[in-house]
Amino acid sequence: MNIVFAGGGSLGPVTPLIATARALQRLEPNAQCAWIGTPTGPERSLAEAEGMQFSSLPVVKLPRYPSLKWLTLPFDWLRVRHLARTELDRLKPDVVVSVGGFTATPVFIEA
């Protein structure tokens with residue numbers, strides 16, 4: 001079984017996902033686990049310490065205040081969805097697990 005965990009940026013989504021990964025590994029010792037997270041969050045070191053392959057996606061957020069980013073947002077969103085699809089095609093997961101967040105959203109949509 002291939003399992004992909006998606007999320008990061010802070011320990012809020014990371015710690016419950018690590019606990020879930022450990023529980024799933026106990027239930028299914030032969031499961032292959034991978035993690036899709038943020039480029040700069042704390043999840044990379046924690047996922048790799050658990051023996052998971054790690055890959056990152058850029059974070060796309062809707063700016064709260066008027067900004068030029070509003071103009072590029074649709075293109076950024078399409079690009080990160082394409083990257084998520086490419087990563088899922090490479091990893092071929094049977095299931096994607098997350099507790100939400102900006103990084104997990106494009107992964108879930110593409111899954």
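Values as computed for the structure displayed
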read-out	value
Pair list, Cβ under 7 Å, 6 or more apart: region 79-106 residue under 19 Å from R44 (Cα atoms), other residue among the acidic types (D, E)	A84/E110; L88/E110
Given (1) open to solvent by 40 Å² or more (accessible area, probe 1.4 Å); (2) over 14 Å from the mean Cα position of the chain (by Cα), number of the condition A23 does not satisfy	(1)
Enumeration of residues in region 27-46 that are surrounded by fewer than 20 Cβ atoms within 10 Å (Cβ to Cβ) and assigned to a helix (DSSP H, G or I)	L27, R44, S45
Failed item in (1) modelled with pLDDT of 95 or more; (2) open to solvent by less than 30 Å² (accessible area, probe 1.4 Å), with P13 passing the rest	(1)
Test: residue in region 73-84 that is touching a strand residue (DSSP E or B) at 6+ places or on another chain (Cβ under 8 Å) and either at negative phi or of a type in the set (G, A, S) (or both)	yes
Residues of region 93-110 that turn out to be open to solvent by less than 80 Å² (accessible area, probe 1.4 Å), more than 21 Å from G12 (Cα to Cα) and in a loop (DSSP other than H, G, I, E, B), as a count	1
Region 1-10, subset modelled with pLDDT under 95 and open to solvent by less than 40 Å² (accessible area, probe 1.4 Å), residue farthest from R85 (Cα to Cα)	G8
Residue satisfying all of: in region 53-92; part of a loop (DSSP other than H, G, I, E, B) and hydroxyl-bearing (S, T, Y); least open to solvent (accessible area, probe 1.4 Å) among these	S67
Any hit, region 43-58, residues being of a type outside the set (S, T, N, Q), under 12 Å from V107 (Cα atoms) and in contact with a helix residue (DSSP H, G or I) (Cβ under 9 Å, 6 or more places away or on another chain)	yes
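The values are calculated or read from the model by the stated rules, or taken from the named source; none is laboratory data. The structure displayed is predicted, hence computed values, not measured ones. Note that we place each Cβ from the backbone using ideal geometry, even for glycine, and neighbour counts take in every protein chain shown. Heavy atoms of the whole protein, side chains included, go into the accessibility calculation; ligands, DNA and RNA do not. Shrake-Rupley method; radii C 1.70, N 1.55, O 1.52, S 1.80 Å.
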